[in-house]
1. What about A29, is it at pLDDT 95 or above, out of contact with any Asp or Glu (no Cβ under 6 Å at 6 or more places or on another chain), part of a strand (DSSP E or B) and among the aliphatic types (A, V, I, L, M)?
2. Show the residue pairs meeting these rules: Cβ distance below 9 Å; 6+ apart or different chains; first residue within segment 3-21 and in contact (Cβ under 8 Å) with a residue 24 or more places away in the chain; second residue among the small types (G, A, S) and outside any strand (DSSP E or B).
3. Output the residues belonging to segment 1-26 that are buried (at least 16 other Cβ atoms within 10 Å of the Cβ), in a strand (DSSP E or B) and not aromatic (F, W, Y).
4. Could you tell me how many of the residues in segment 7-57 are under 15 Å from N83 (Cβ atoms) and more than 9 Å from the chain's Cα centre (by Cα)?
5. Restricting attention to segment 77-108, which residues are at negative phi and either without any contact (Cβ under 8 Å) to a residue 60 or more places away in the chain or charged (D, E, K, R) (or both)?
6. Residues in segment 90-108 that are under 14 Å from N72 (Cα atoms) and out of contact with any Gly (no Cβ under 9 Å at 6 or more places or on another chain): how many?
7. Out of (1) free of Cβ contacts under 8 Å to residues at least 24 places away in the same chain; (2) under 15 Å from S101 (Cα atoms); (3) of a type outside the set (D, E, K, R), what's the single condition that is false for V73?
8. Which of the residues spanning segment 48-97 are among the polar types (S, T, N, Q), in a loop (DSSP other than H, G, I, E, B) and either buried (at least 16 other Cβ atoms within 10 Å of the Cβ) or in contact with a strand residue (DSSP E or B) (Cβ under 7 Å, 6 or more places away or on another chain) (or both)?
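The values are calculated or read from the model by the stated rules, or taken from the named source; none is laboratory data. Remember, it's a predicted structure, so these values are computed and weren't measured experimentally. Cβ: placed from backbone, ideal geometry, glycine included. Neighbour counts: every protein chain shown.
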Amino acid sequence: MANVYKNAFFVPTTTANTTVYTCNATARAIIQNIQITNESGSKIVKSYIHDNSTSSTNLIAYANISGPTICNVAKGPIVLEENDSLLIETSVTTSVTATVSILEINRD
């Protein structure tokens, strides 16, 4: 069993849900931080978890952010099971990015 620390980056090219990270089929993952950077203006950012076992997508964070600013929309650890995914959606595609800090616990 190996613990691997990872980053996932989000630079939007669309305002639709975008998969930022998908947990490995032989792992579980803990998301520690979803840091949103807004360089200017007002943006709405939504984070979702796609639960592979139920084929459902659930809203886990909603932020209306005025910039320039940085905020963390993960208010606590978020656990992803095998093949679950983190998705992010923004109201616009310019001047906004995200960095996700992940601990992946692999059973291989």
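1. Working: at pLDDT 95 or above: yes; out of contact with any Asp or Glu (no Cβ under 6 Å at 6 or more places or on another chain): no; part of a strand (DSSP E or B): yes; among the aliphatic types (A, V, I, L, M): yes.
The answer is no for A29.
2. From segment 3-21, the pairs are T15/S91.
3. Across segment 1-26, the qualifying residues are A8, T18, V20, T22.
4. Total meeting the criteria: 16.
5. As a first pass, look at segment 77-108 and keep what is at negative phi: 77-82, 84-94, 96-108.
Of everything in segment 77-108, those that are at negative phi and either without any contact (Cβ under 8 Å) to a residue 60 or more places away in the chain or charged (D, E, K, R) (or both) turn out to be P77, I78, V79, L80, E81, E82, D84, E89, T94, E104, R107, D108.
6. Final tally of qualifying residues: 6.
7. Among (1) free of Cβ contacts under 8 Å to residues at least 24 places away in the same chain; (2) under 15 Å from S101 (Cα atoms); (3) of a type outside the set (D, E, K, R), the lone unmet condition for V73 is (1).
8. To start, the set of residues in segment 48-97 that are among the polar types (S, T, N, Q) comprises 52-58, 64, 66, 69, 72, 83, 85, 90-91, 93-95, 97.
Pick out the ones that are also in a loop (DSSP other than H, G, I, E, B) and you get 52-55, 83, 91, 93-95.
If the condition is that a residue be among the polar types (S, T, N, Q), in a loop (DSSP other than H, G, I, E, B) and either buried (at least 16 other Cβ atoms within 10 Å of the Cβ) or in contact with a strand residue (DSSP E or B) (Cβ under 7 Å, 6 or more places away or on another chain) (or both), then N52, N83, S91, S95 are the ones that fit.
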